[in-house]
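Undergrad: Structure below; questions to follow.
The values are calculated or read from the model by the stated rules, or taken from the named source; none is laboratory data. Not measured: the values here are computed from a predicted model. Ideal geometry is used to build each Cβ from the backbone, glycine not excepted, and the neighbour counts take in all protein chains shown. Side chains included, ligands, DNA and RNA excluded: accessible areas come from the protein's heavy atoms. Shrake-Rupley method; radii C 1.70, N 1.55, O 1.52, S 1.80 Å.
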Amino acid sequence: VRLYAAGQPGGARSDRLLYQAKLALDDAARLKVVRKMYEIRFGEKPPERRSVEQLRGIEGARVRKLYQLLAKQAGVEWKGRNYDYTAWDNSDTANRCLSSATACLYGICEAAVLAAGYAPAIGFIHTGKPLSFVYDIADLFKFDDIVPHAFKIAAKNYPNPEREVRLMCRDVFRQSKILRKIIPTIEEVLAAGELELPKPAEENIEPAIPNNESIGDVGHRS
């Protein structure tokens with residue numbers, strides 16, 4: 001579940017990766033991208049004249065309140081987000097369910113990021129991690145279905161809640177058609193930086209097997 005699968009439907013190319021890096025290195029463009037992520041996530045424009053660091057702080061406070069609200073709605077006792085992968089069993093059931101759910105979400109988002117030709121490590125809100133951009137994109141979808149359902153599973157006292165969470169994620173991913181949403185969302189947030197997308201280099205390698213028409217389900221390559 002860390003990484004579902006990754007291909008390069010557009011061929012081996014670096015133009016989008018360079019575009020992403022250019023946006024991340026331009027302070028004004030990066031701030032515009034972060035503001036767009038904030039708007040998508042919370043359904044409203046962020047406060048004006050705020051830096052990336054200030055917006056990160058505002059976002060963190062809102063997310064903590066959102067966790068509290070969703071836990072309360074599910075009837076789960078919530079003591080805060082506490083996760084240590086080296087001491088998995090020391091976490092309470094709610095935190096283990098959330099960690100299992102986000103691991104699945106990160107896997108499918110990383111696959112989409114790679115398939116679209118972007119770099120998982122070049123983030124805008126999150127920085128300095130191998131999956132910073134994956135975390136940025138996953139956060140835009142996390143509270144739609146994944147976190148609420150994870151809390152509901154935590155409230156039911158299953159003998160193996162992590163397995164129930166993985167099955168839930170599988171069903172949610174399919175029902176919500178998330179694979180159709182991730183890459184367009186990436187394009188939308190990066191476009192907010194208002195920098196021109198570089199043209200593909202002439203030496204770009206095209207797909208070895210063209211696949212213009214799909215006859216399968218979402219994610220199926222015929």
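Undergrad: Tell me, what does the Kirkwood hydrodynamic radius of region 87-198 come to in angstroms if you use every pair of distinct C-alpha atoms?
TA: Here the Kirkwood hydrodynamic radius works out to 14.9 Å.
Undergrad: Pairs Lys22/Lys79; Lys45/Lys79; Lys45/Lys129; Lys156/Lys177; Lys45/Lys177: which exceed 31 Å Cα-Cα?
TA: Lys22/Lys79
Undergrad: Can you pull the one-decimal nm distance between simple spin-label points at Leu17 and Glu196, each 7 Å off the Cα toward Cβ?
TA: 2.3
Undergrad: For region 28-140, what are Rg and Dmax over the alpha carbons, in angstrom?
TA: So, for region 28-140, Rg and Dmax equal 15.3, 43 Å respectively.
Undergrad: Further, regarding this structure: How much accessible area per residue does region 107-176 have, in Å², with a 1.4 Å probe?
TA: 42
Undergrad: How do the peptides 94-107, 23-36, 143-156, 62-75 rank, highest first, by the average count of neighbouring beta carbon atoms within 10 Å per residue?
TA: 94-107, 143-156, 23-36, 62-75
Undergrad: A follow-up question, please. Quickly rank 162-171, 37-46 as a protection proxy: mean count of other C-beta atoms within 10 Å, highest first. Each step should come with its number before you reach the end.
TA: Details: 162-171: 17.2, 37-46: 15.4.
Averaged packing, sorted descending, gives the order 162-171, 37-46.
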